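Working notes for the structure below.
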């Protein structure tokens, strides 16, 4: 074989280096492609079967070596639906087999990608720049729990989010130990307290909950302090303004116990004997240290109707130590928390992805609702995946089937870059060029030796 074997070996060397050059070229060309995974080149020697003393160094063949498990740099992005994977895992996606009436038709084949430049299309799907449609698990808007365990195509329409009536109000505040009501006079003991005798149409502090009618509203306003206000919603989403006021009914300075009553406004236009304010029906008592002497974590307001809007039963949640009575130079109520759980109906305005891998919808009523959970797939043989166009992969026998809930973390408003290192590729380019040239030198040398042999025969 000798000279002619050397020619064959040199040809396989040139072919192998050409293969390596093609991989290097592709890596450099995709150095700015989102989530691109470079292909390295491995060389394998092919040894003819001979006895040890006659063995040759053999030919060479080049194969690709995937880097699917090598992380690219993660960079911030300004698009709220862009996402990157930090660590192991792949987005589960599908690509339409065709389109009918401008709607995608899918063949049900799951594909996998790290390319996370997803944005919503006109049909409400999340589609990345290569045309792959994102899959995940929907979230129950009411409970926040996942609906199922198998990823499905995610589509978000602009339908209404139904209204939610107000059923609870979280209310925490500090009541000034000496309220500076409009009727108070520091020179008159007890002037800071509400005086039932000044009311012509009944005692508003009656145990179990009294009322203030239109005739006595002016007196009530003078002898109480504002406790804040909040907008609540009925079952249809109609808003109503809930006004709160506090009146101190007894104090230690008067020989009793520091006691307060809470009122809410029933009718903002009440006149005559129309009920204007309703007592919540609870005596709030405080010890000298400013804490409630009898813990009152919740109070239920029964059958609440305000300005003709019916809310029904509403629970005031104060929590432990949510109400206190400390001295306050302003002599008013310092509201620390005032929130309610109702909201009007709304339409979907936008979607975004958070760092927990949840797709979050923002509605016109300012509500943000978790819509879906992004599912990450992983493979035991990740480098055995088959690469296809657009940075996507197909599962193979070498990769094994996908397992879900991969340990990678989703990073919202970010993109993973290519894992190509230009400096490293240029270094490999120089080495490849030198190796290719060396193989051509073997061919020219072998050719010269053949020519010398022919000349000798002449």
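Evaluation of residue 42 against the conditions (1) touching a residue at least 12 places away in the same chain (Cβ under 8 Å); (2) farther than 14 Å from residue 432 by Cα shows that the sole unmet condition is (2).
Per-residue answers, yes or no, for (1) modelled with pLDDT of 90 or more; (2) loosely packed, with under 15 Cβ neighbours inside 10 Å; (3) part of a strand (DSSP E or B):
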residue: 295; (1), (2), (3): no, yes, no
residue: 300; (1), (2), (3): yes, yes, yes
residue: 303; (1), (2), (3): yes, yes, yes
residue: 314; (1), (2), (3): yes, no, yes
residue: 326; (1), (2), (3): yes, yes, no
residue: 337; (1), (2), (3): yes, yes, yes
residue: 350; (1), (2), (3): yes, yes, yes
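Taking the criterion of being under 30 Å from residue 345 (Cα atoms) and surrounded by fewer than 17 Cβ atoms within 10 Å (Cβ to Cβ), would at least one residue in the stretch 273-293 satisfy it? No, the stretch 273-293 contains no residue that is under 30 Å from residue 345 (Cα atoms) and surrounded by fewer than 17 Cβ atoms within 10 Å (Cβ to Cβ). Would you check if residue 163 is in contact with a strand residue (DSSP E or B) (Cβ under 7 Å, 6 or more places away or on another chain), surrounded by fewer than 21 Cβ atoms within 10 Å (Cβ to Cβ), modelled with pLDDT under 95 and over 17 Å from residue 80 (Cα atoms)? Taking the combined requirement at face value, the residue satisfies it.
Identify, from the list 429, 415, the residue that is more than 41 Å from the chain's Cα centre (by Cα) and surrounded by 15 or more Cβ atoms within 10 Å (Cβ to Cβ). Break it down into steps so the answer makes sense when it comes.
On the way: 415 fails: more than 41 Å from the chain's Cα centre (by Cα).
That would be 429, the only listed residue that is more than 41 Å from the chain's Cα centre (by Cα) and surrounded by 15 or more Cβ atoms within 10 Å (Cβ to Cβ).
In contact with a strand residue (DSSP E or B) (Cβ under 9 Å, 6 or more places away or on another chain), surrounded by fewer than 17 Cβ atoms within 10 Å (Cβ to Cβ) and free of Cβ contacts under 8 Å to residues at least 12 places away in the same chain: is that true of residue 239 in this structure? No: the conditions fail for residue 239.
So that you can scan it fast, the table gives a plain yes or no per residue for (1) touching a strand residue (DSSP E or B) at 6+ places or on another chain (Cβ under 6 Å); (2) modelled with pLDDT of 85 or more; (3) assigned by TED's automatic domain parsing to the domain that holds residue 7:
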| position | (1), (2), (3) |
| --- | --- |
| 46 | yes, no, yes |
| 61 | yes, yes, yes |
| 80 | yes, yes, no |
| 84 | yes, yes, no |
| 89 | yes, yes, no |
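In the stretch 385-413, which residues are on the phi < 0 side of the Ramachandran plot and without any contact (Cβ under 8 Å) to a residue 40 or more places away in the chain? Write out each step before concluding.
So the first thing to find is which residues in the stretch 385-413 are on the phi < 0 side of the Ramachandran plot, and the list is 385-389, 392-399, 401-404, 406-412.
Once the filter is applied, which keeps residues that are on the phi < 0 side of the Ramachandran plot and without any contact (Cβ under 8 Å) to a residue 40 or more places away in the chain, the stretch 385-413 yields 386, 396, 397, 398, 399, 401, 403.
The values are calculated or read from the model by the stated rules, or taken from the named source; none is laboratory data. Remember, it's a predicted structure, so these values are computed and weren't measured experimentally. Don't worry about glycine lacking a Cβ; one is built from the backbone with ideal geometry, like all the others, and counts go over all protein chains shown.
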